[in-house]
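> I have a structure here, written as structure tokens, and I will follow up with some questions on it.
The values are calculated or read from the model by the stated rules, or taken from the named source; none is laboratory data. Given the structure is predicted, the values throughout are model-derived calculations rather than measurements. Here the Cβ is made from the backbone with ideal geometry for all residues, glycine too, and neighbour counts use every protein chain on show. Ligands, DNA and RNA are excluded from the accessible area calculation, which covers all protein heavy atoms including side chains. Shrake-Rupley method; radii C 1.70, N 1.55, O 1.52, S 1.80 Å.
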Amino acid sequence: MGDTATTKPRAFRVTSFDVAAEAGVSQSTVSRALAGDPVVSEATRARVFEAARRLNYAVDENAARLRSGRTATLAVVVICRPDEDRKDLNPFTYSLLGTVCAAASARGYETLVSFQDGPENLSGRYEDRRRADGLIVIGTTQNLPAWTYYRDLGLGGTRMVCWGSPFDELDWIRSDNHAGALLATRHLIEAGYTAPACIGSEGSLQRQFKERYDGYCEAMQEAGLTPRLVEIEEGLSREEQGRRAACQLIDQGLPCDAVFAVCDEIALGTLRELSEAGVAVPCRLGLIGFDGIRASANAMPPLSSIQPDFAAAGAMLVDKLLATIAGEPNSDRRVPVTLLARESTRRPA
């Protein structure tokens with residue numbers, strides 16, 4: 001006796017026409033109801049949704065995107081230094097990238113992430129290619145050609161929001177750098193340090209560095225103290241900038257009793273150089289940074305820092321971009337910051 005063939009029911013995909021037949025309405029009414037069109041009455045909308053549930057109907061997202069002209073995707077470009085190993089990126093950048101992606105997901109958007117550094121891989125025309133509805137740009141300002149490329153795209157009409165852009169022509173979000181520097185410097189003074197110096201820059205492409213130096217100067221002047229700036233050397237890694245600044249202070253006989261470094265990586269480089277030179281922190285020199293990266297908590301001693309609200313930063317970048325896409329105003333620009341007081345600023349009594 002031969003084998004008996006078994007017949008399986010043919011699988012088929014439920015369409016909006018099936019939902020329309022089940023709900024007793026037209027297919028166009030189904031489309032409007034599922035899209036939230038206010039023309040459809042609540043009673044009809046409820047009937048359509050119930051029919052879709054019974055039939056286990058899933059909206060064809062690709063078709064919906066084609067109809068709306070939207071991709072439901074946001075592009076995120078991370079600008080790196082030319083030829084920089086991605087594992088060596090500032091940890092702050094990875095933290096910010098994570099919160100941007102989380103905020104986009106919470107708002108129903110996917111993210112398309114790209115790491116870019118040189119002319120051969122600069123590519124930001126995501127809207128033109130129908131790959132994303134808009135663009136968020138973050139990363140180092142030590143790559144001016146890359147930022148110039150994105151400035152030109154922005155001025156050309158690309159919907160874009162940036163973190164830390166060296167160009168004010170682009171729509172941007174930044175930490176409340178001035179307030180954070182005030183907080184850091186006042187913390188040092190209140191801890192009993194009488195001659196805090198600042199390792200930073202007035203002329204760096206990092207606009208936040210100038211804002212932080214200005215906040216430091218304001219706190220020093222309100223306390224009747226004289227500001228002292230140790231200028232970082234451009235073109236070096238942040239850690240090396242901190243090391244060289246520390247060497248300069250040591251060569252000068254440590255003319256200060258505390259240091260506010262304008263970012264944590266500079267502060268960590270400073271700390272390592274001081275430790276190797278036998279300068280005790282915080283006994284001989286107090287030290288505080290800015291950015292609140294995770295590595296600062298694991299330093300020896302743990303580094304005091306000013307931490308931006310990372311979750312708020314990601315949400316503000318996404319919300320400003322979505323407002324731009326929708327043609328709506330959004331004036332938010334400054335992310336709130338808090339003081340993380342740790343052992344590096346606990347001056348012995």
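> Looking at region 77-159, which GluC sites (Glu not before Pro) are DSSP coil and have at most 15 other C-beta atoms within 10 Å of their C-beta?
Passing sites in region 77-159 are Glu120.
> Still on this structure, I have one more. Which label marks the calculated value of mean projected area of the Cα convex hull in nm², given the options (i) 17.4; (ii) 16.5; (iii) 28.1?
(iii)
> Moving to a separate point now. Taking R0 as 51 Å, what's the FRET efficiency between Cys247 and Ser331 from their Cβ-Cβ distance, rounded to 0.05?
E between Cys247 and Ser331, to the nearest 0.05, is 0.75.
> What ranking of Asp251, Asp152 comes out by heavy-atom accessible area, probe 1.4 Å, highest first?
Largest accessible area first, the residues go Asp251, Asp152.
> Heavy-atom accessible area of Arg130 with all protein chains present, probe 1.4 Å, nearest 10 Å²?
Counting only protein heavy atoms, the figure is 120 Å².
> Then there's this: Roughly what would the spin-label model give for Lys87 and Ala46, points 7 Å off Cα along C-beta, in nm?
According to this spin-label approximation, the distance is 5.9 nm.
> Over 24 Å, how big is the tail of the calculated P(r) for region 69-204, in percent of all Cα pairs?
Above the 24 Å cut-off, region 69-204 has 38 percent of its Cα pairs.
> Could you derive backbone 3J(HN,Hα) for region 199-209 from the dihedral phi with the Karplus parameters 6.51, -1.76 and 1.60 (θ = phi - 60°), listing whole Hz in sequence and x where the residue is Gly or Pro?
Once θ is set to phi - 60°, the couplings for region 199-209 become 9, x, 7, 9, x, 5, 4, 6, 4, 5, 5 Hz.
> Going by amide H atoms built from the backbone, whose H comes under 5 Å of the H on Gly134, apart from near neighbours?
The answer is Ala75.
> So, one more: Quick one: 3J(HN,Hα) in Hz for region 91-99, Karplus 6.51/-1.76/1.60 with θ = phi - 60°, rounded, Gly and Pro as x.
These are the phi-based 3J(HN,Hα) values: x, 4, 4, 5, 4, 5, 4, x, 6 Hz.
> Provide the per residue accessible area, probe 1.4 Å, for region 186-319, rounded to a whole number of square angstrom.
Heavy-atom SASA per residue in region 186-319 reads 38 Å².
> Out of residues 5 or more away from Gly286 or on other chains, whose amide H comes under 5 Å of its own, with H placed 1.01 Å from N in the peptide plane?
Hits under the 5 Å cutoff: Ala258, Val259.
> Would you mind computing, in nm to one decimal, how far apart the modelled labels at Ala341 and Gln27 are, each placed 7 Å from Cα along Cα→Cβ?
6.8 nm
> What accessible surface, in Å², does a 1.4 Å probe find on Glu190, ignoring ligands, DNA and RNA and rounding to the nearest 10?
Counting only protein heavy atoms, the figure is 150 Å².
> I'd like the FRET efficiency for Ala323 and Phe115, computed as 1/(1 + (r/R0)^6) with the beta carbon distance as r and R0 of 22 Å, rounded to 0.05.
Calculated transfer efficiency: 0.25.
> So what are the ³J(HN,Hα) numbers for region 158-164, from phi and the Karplus equation (6.51, -1.76, 1.60; θ = phi - 60°), rounded to whole Hz, Gly and Pro as x?
Taking θ as phi minus 60°, the curve returns 5, 7, 8, 9, 10, 10, x Hz for region 158-164.
> On a full-extension model of 0.36 nm per residue, what is the gain between Ser237 and Leu225, subtracting their alpha-carbon distance, rounded to one decimal in nm?
Roughly 1.3 nm would be gained on extension.
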